[in-house]
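Just below is one structure, and these are the notes that go with it.
The values are calculated or read from the model by the stated rules, or taken from the named source; none is laboratory data. Keep in mind that what you see is a predicted model, and the values were worked out from it rather than measured. Ideal geometry is used to build each Cβ from the backbone, glycine not excepted, and the neighbour counts take in all protein chains shown.
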Amino acid sequence: MRDHSQHIQLSREQAVSSMLEAMDAAPAGFGWANIAAGEDLHSSEVARKCCEQVALADSVGRVLAYDVVSRCDMPSALTCAMDSIALHWSDFENLAEGELPDTSAWVRGVDWQFANTGVAMPEGFDTAIVIEHVQVSEDQQHVTIDAAPSKQGAGTRPAGSTMKRGDVLATAGTVVTPDVAARMGTGDNAVVPVVRKPRVAFIPTGNELVPAGIPLDPTRVDQFAARGRNFETNSILVRAKVEAWGGQFVPFDIVCDERPEIEAAIKRACEVADIVVLNAGSSKGSDDWSCEVMEEMGHMICHQTNHGPGHHSSYAVVDNVPIVGISGPSGGASFTLDFYLRPLMRKYLGLNPIVPKTAARLTEAFPAPKHGSGAKNGKPAGEERPREHPDHAPGEPEFFGIRPLRVEPSADGVLEATPIDGRPESKTAWGANAFTMMGMGPGIEPPTAGDIIEVEFL
């Protein structure tokens, strides 16, 4: 049995901070976050590798790599602002206030003309009044009016008044929304520069794993997914989150719990991906080789973290590529991805890697835990892991339990958080839309009804 006593345990915040610092120090940079700080951005070979041009219609949800500017003046000419008739200001400028010109001799095309919203004003005309103040003759050649324009150019939009050629329409680092895309299109941009999607490789490991979808033979039920095997489903979880966060999923086949196979998979993944997610093998079992292999191949940032689910999360850097180690069970894996993969992807895209927390008022106390120390639940010592830090100072959290919540606005407009019984990955917690990380340890009292707590939305 290998020595497991040297595990590097960090808090969630410590782990993320250490990994981001490691990526800042990477020789070739990491994604757009580091490259964008360079002086000669447009000539950078690395920048070109992290940037791509996409059709405007495909840019929604992507992050702009460079400022996008208008390629033209808009409007390109004096334009009518509303459905109106076009006039000459010279027919009004010398009239007394409230006085109207005699339009009985006005001729269409000479003294007035129809002008519609967004259309260039007819040549030679400089002012407009809305059609609701105009009476047009039956033959549509003559008009009478009951109001006058306030000034020269009234009812029009001058050329370049909306935007001018060279105006910045959206800045680098902007996540493109439909409105932003429409504005860039108004400036005659058919394609725009965006940050390339980070490639995230996923390596599932475990002798017990088999792909889902094995046909069931009713006559050979005993051999269906051989005894003790589990269906590999974390790839579904990883893919969904990677794509939702703006990345490109790179799948790998299941790798058995053998050091050479794990090493070969990591080496290959680091060659084809920007970020690697390594599934399982980071706990203390006899076949858990992942952390040892990563430590031999590169730099280990942490072997485990001080929260559950997801206690056996890990961080490493191999060949300047960050690796996120997730636990096998999907409940812990899901939080590990939220906590440790998402900041890296946001960092790569040039976005703020830290997702803010929200304050909410607790409506009731948390349910009493169904699992705890041996003294509380009567488990024999051999069935309960000892405390990680038996000498931890009382009153300071030594561990954080992830507690599912339902967060909704109250009648007074304050967000209220209602605890949901069960572990985060349990069926009872499927109705949760948020969670909090509750400190645990000697001398730590759980929050009570009315307390303000920090929550994060799922």
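Side notes on the structure shown:
- Taking the criterion of being out of contact with any helix residue (DSSP H, G or I) (no Cβ under 8 Å at 6 or more places or on another chain) and either in a strand (DSSP E or B) or more than 18 Å from residue 437 (Cα to Cα) (or both), the residues of segment 315-342 that qualify are 320, 329.
- The residues of segment 92-138 that are under 56 Å from the mean Cα position of the chain (by Cα) and either assigned to a loop (DSSP other than H, G, I, E, B) or of a type in the set (Asp, Glu) (or both), listed by number, are 109, 116, 117, 118, 119, 121, 122, 123, 124, 125, 126, 132.
- Scope segment 408-458; condition among the aliphatic types (A, V, I, L, M), in a loop (DSSP other than H, G, I, E, B) and either assigned by TED's automatic domain parsing to the domain that holds residue 331 or under 26 Å from residue 354 (Cα atoms) (or both); matching residues: 414, 420, 432, 458
- Check on residue 203, under 30 Å from residue 277 (Cα atoms) and either modelled with pLDDT of 95 or more or crowded, with 19+ Cβ neighbours inside 10 Å (or both): yes
- Residue that is surrounded by the fewest Cβ atoms within 10 Å (Cβ to Cβ) [pool: residues in segment 115-164 that are hydroxyl-bearing (Ser, Thr, Tyr) and within 20 Å of residue 97 (Cβ to Cβ)]: 150
- Test: residue in segment 70-91 that is touching a residue at least 12 places away in the same chain (Cβ under 8 Å), assigned to a loop (DSSP other than H, G, I, E, B), touching a strand residue (DSSP E or B) at 6+ places or on another chain (Cβ under 7 Å) and under 30 Å from residue 50 (Cα atoms): yes
- Search result, residues across segment 256-267 that are under 27 Å from the mean Cα position of the chain (by Cα) and surrounded by fewer than 21 Cβ atoms within 10 Å (Cβ to Cβ): none
- Qualifying positions in segment 139-173 - in contact (Cβ under 8 Å) with a residue 40 or more places away in the chain and among the acidic types (Asp, Glu): 146, 167
- Some residue of segment 382-394 being part of a loop (DSSP other than H, G, I, E, B), modelled with pLDDT under 80 and of a type in the set (A, V, I, L, M, F, W, C): yes
- Residue in segment 91-106 that is β-branched (Val, Ile, Thr) and surrounded by fewer than 18 Cβ atoms within 10 Å (Cβ to Cβ) present: yes
- Failed criterion for residue 50 (all others in (1) in contact with an Asp or Glu (Cβ under 8 Å, 6 or more places away or on another chain); (2) at pLDDT below 95 hold): (1)
- Looking only at segment 300-311, residues that are part of a loop (DSSP other than H, G, I, E, B) and either on the phi > 0 side of the Ramachandran plot or out of contact with any Cys (no Cβ under 9 Å at 6 or more places or on another chain) (or both) come to 4 in all.
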